Amino acid sequence: MTAADALCGGRVVAIHEGGYSEAYVPFCGHRVVEGLAGIDTDLVDPFLPKFIEQQPDAAQINWQCAMIDTMAETLGL
C-alpha cells in the first residue's frame with residue numbers, strides 16, 4: 001500500500017486468478033485483505049513453516065543466478 005500511495009495516489013487493483021489449494025487459498029486471500037485494509041490480525045498461517053522450509057538455500061540461489069548470467073552472456077543480453 002505504501003508503493004500505491006507513492007506511485008499512483010493510493011490506487012490499487014487486486015485480482016485473484018484462482019487457487020490450486022483449497023486449504024491454502026483462504027490464508028492467502030486473508031493476508032491480501034489485511035494488506036488492503038491496513039490491518040494485521042492474529043491469524044496464524046499453519047502452512048507458513050512448510051513453505052519457508054521448501055525455499056531454496058543460498059547455494060541454490062547462487063547457482064540459479066550463475067546459470068541465468070551464463071545464458072544472458074551467451075545470448076548477448
### Message
To check my understanding: the extent here is largest minus smallest coordinate of the Cα atoms along each principal axis. What are those three numbers for the stretch 1-46, in Å, largest first?
### Response
35, 26, 11
### Query
In debye, nearest 20: dipole of the chain around its Cα centre with unit charges on the Cβ of K, R (+) and D, E (-)?
160 debye
### Query
Taking 0.36 nm per intervening residue step and subtracting the Cα-Cα distance, what contour gain separates Asp5 from Thr41 on full extension?
10.8 nm
### Message
Once you place label points 7 Å from the Cα toward the Cβ at Ala58 and Ala14, how far apart are they in nm?
### Response
3.5 nm
### Message
As I understand it, the value is the acute angle between the Cα axis of helix 25-37 and the longest principal axis of the Cα atoms of the chain; what does it come to in degrees, rounded to 10?
### Response
70 degrees
### Message
What do you get for the angle between helix 58-74 and the principal long axis of the chain? Use alpha-carbon atoms, 0 to 90 degrees, nearest ten.
### Response
60 degrees
### Dipole axis of the chain (+1 Lys, Arg; -1 Asp, Glu on Cβ), positive-most option in His16, Val44, Ala58
His16
#### Entry: Cα→Cβ-extended label distance, 7 Å offset, between Cys28 and Thr74, nm
3.1 nm
### Query
In µm²/s, what is D for the chain at 10 °C and 1.306 mPa s, where D = kT/(6 pi eta Rh) by Stokes-Einstein and Rh is the Kirkwood radius from Cα pairs?
98 µm²/s
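None of the figures in this text is laboratory data; all of them are computed from the coordinates on show. Bear in mind that the values here come from a model prediction, so they are computed numbers and not experimental data. For neighbour counting, all protein chains shown are included, and Cβ atoms are generated from backbone atoms with ideal geometry for every residue, glycine included.
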